[in-house]
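The values are calculated or read from the model by the stated rules, or taken from the named source; none is laboratory data. Just so you know, these numbers come straight off a predicted model, no measurement behind them. Reconstructed Cβ throughout: ideal geometry from the backbone, glycine too, with neighbour counts over all protein chains shown. Quick note on the areas: whole protein, heavy atoms, side chains included, nothing else; ligands and nucleic acids left out. Shrake-Rupley method; radii C 1.70, N 1.55, O 1.52, S 1.80 Å.
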Amino acid sequence: MSLGSVITAIVTPFDDRQKVDEEAFLNLFRHLLANGSDGVVVCGTTGEAPTLSDAEHLRLVELAVGERPEGVTVIASTGSNNTAHACWMTERVTEIGADGILSVTPYYNKPNRRGLVRHFTEIGKATDKPVVLYNVPSRIGLSLDNDLLAELGQIDNLDYVKQADNDALAQVDGLGLYAGNDDGFAQALDLGAVGGILVASHLVGPRMKQMVTDPTRRAEIDASLKPLYSALGVTTNPIPVKAALNLLGHEVGAPRLPLVEADESELQVIRNALTEVGLS
């Protein structure tokens with residue numbers, strides 16, 4: 001099945017007591033679908049999955065699946081460095097009705113190649129939905145090289161890769177390619193990628209969708225959005241995108257500790273970028 005071209009890694013809104021704000025989540029979900037997103041990744045890194053309980057995590061997937069119109073995809077992030085837990089979560093979100101699974105490289109314990117193959121094989125067995133492998137060495141300290149990705153692409157249900165290492169962007173036999181970084185989206189599309197799993201699409205979704213539908217303007221649009229890409233990296237994701245959404249009137253609250261709100265200098269960078277790309 002197709003998971004779509006512009007997939008937004010949706011933030012998790014919290015209220016003033018740092019509880020999940022379900023109404024704000026659904027409002028944001030609807031906003032994204034009305035502004036260029038073909039679907040969302042729920043409870044990824046941008047959704048602050050490390051600070052969510054399993055119950056919160058599964059509830060957010062349930063909310064998105066329940067609200068999903070026909071033709072929209074809900075991809076549930078279920079990655080873990082504990083294979084048993086990753087498989088359990090994958091089974092649960094499959095039962096709930098997620099359209100796909102995002103599964104990150106196991107972090108911290110840094111398994112060897114044989115361990116990685118075993119880990120992802122078990123995840124593939126835990127679902128009948130397409131699995132998107134997530135390679136993000138900047139956070140993991142371990143990279144799935146393209147030879148290993150090609151091997152993983154032969155395993156049942158491992159169908160895509162979210163490639164967050166721009167230097168490794170390439171078509172890999174057996175796997176559809178998704179850009180994992182906003183600033184690699186245009187490059188990935190030029191390589192024939194399926195699309196991107198993105199953060200800036202919270203803010204400029206229609207323009208990012210146009211990069212898919214109008215290749216003749218892709219480079220121009222990409223260049224115009226570079227100030228925003230840069231600002232969304234001024235500090236750790238999702239701090240900047242949450243700040244930008246709040247500035248634009250989408251009440252998503254503050255991040256959960258250990259992440260903290262953007263400080264005044266970071267907010268100024270974000271405000272300047274929003275102005276530069278015509279959002280304020």
* Collect the residues in the range 207-244 that are part of a helix (DSSP H, G or I), under 18 Å from residue 27 (Cβ atoms) and out of contact with any helix residue (DSSP H, G or I) (no Cβ under 6 Å at 6 or more places or on another chain), keeping them in residue-number order. => 242
* Asked: Scanning the range 31-59 for residues that are in contact with a Ser or Thr (Cβ under 7 Å, 6 or more places away or on another chain) and of a type outside the set (A, V, I, L, M, F, W, C), which turns out surrounded by the most Cβ atoms within 10 Å (Cβ to Cβ)?
  -> 44
* To do: Select, from 107, 134, the only residue that is under 23 Å from residue 164 (Cα atoms), open to solvent by 30 Å² or more (accessible area, probe 1.4 Å) and not in a helix (DSSP H, G or I).
  => 107
* **Out of 71, 141, sole residue that is on the phi > 0 side of the Ramachandran plot, touching a Phe, Trp or Tyr at 6+ places or on another chain (Cβ under 8 Å) and of a type outside the set (A, V, I, L, M)** => 141
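Consider residue 166 carefully, then state whether it is open to solvent by less than 10 Å² (accessible area, probe 1.4 Å), within 30 Å of residue 243 (Cβ to Cβ) and of a type outside the set (Phe, Trp, Tyr).
Details: open to solvent by less than 10 Å² (accessible area, probe 1.4 Å): no; within 30 Å of residue 243 (Cβ to Cβ): yes; of a type outside the set (Phe, Trp, Tyr): yes.
Here the answer is no, as residue 166 does not meet what is asked.
Right, residue 93: within 21 Å of residue 212 (Cβ to Cβ) and in contact with a strand residue (DSSP E or B) (Cβ under 6 Å, 6 or more places away or on another chain) or not?
no
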* Filtered residues of the range 1-30 (kept if open to solvent by less than 10 Å² (accessible area, probe 1.4 Å) and over 30 Å from residue 158 (Cβ atoms)) -> 13, 14
* So which residues in the range 60-99 are surrounded by fewer than 18 Cβ atoms within 10 Å (Cβ to Cβ) and not hydrophobic (A, V, I, L, M, F, W, C), if there are any at all? -> 66, 67, 69, 70, 71, 81, 82, 85, 91, 95, 97
* **Subset of the range 176-201 that is open to solvent by less than 10 Å² (accessible area, probe 1.4 Å) and not in a helix (DSSP H, G or I) - its residue that is farthest from residue 241 (Cα to Cα)** => 177
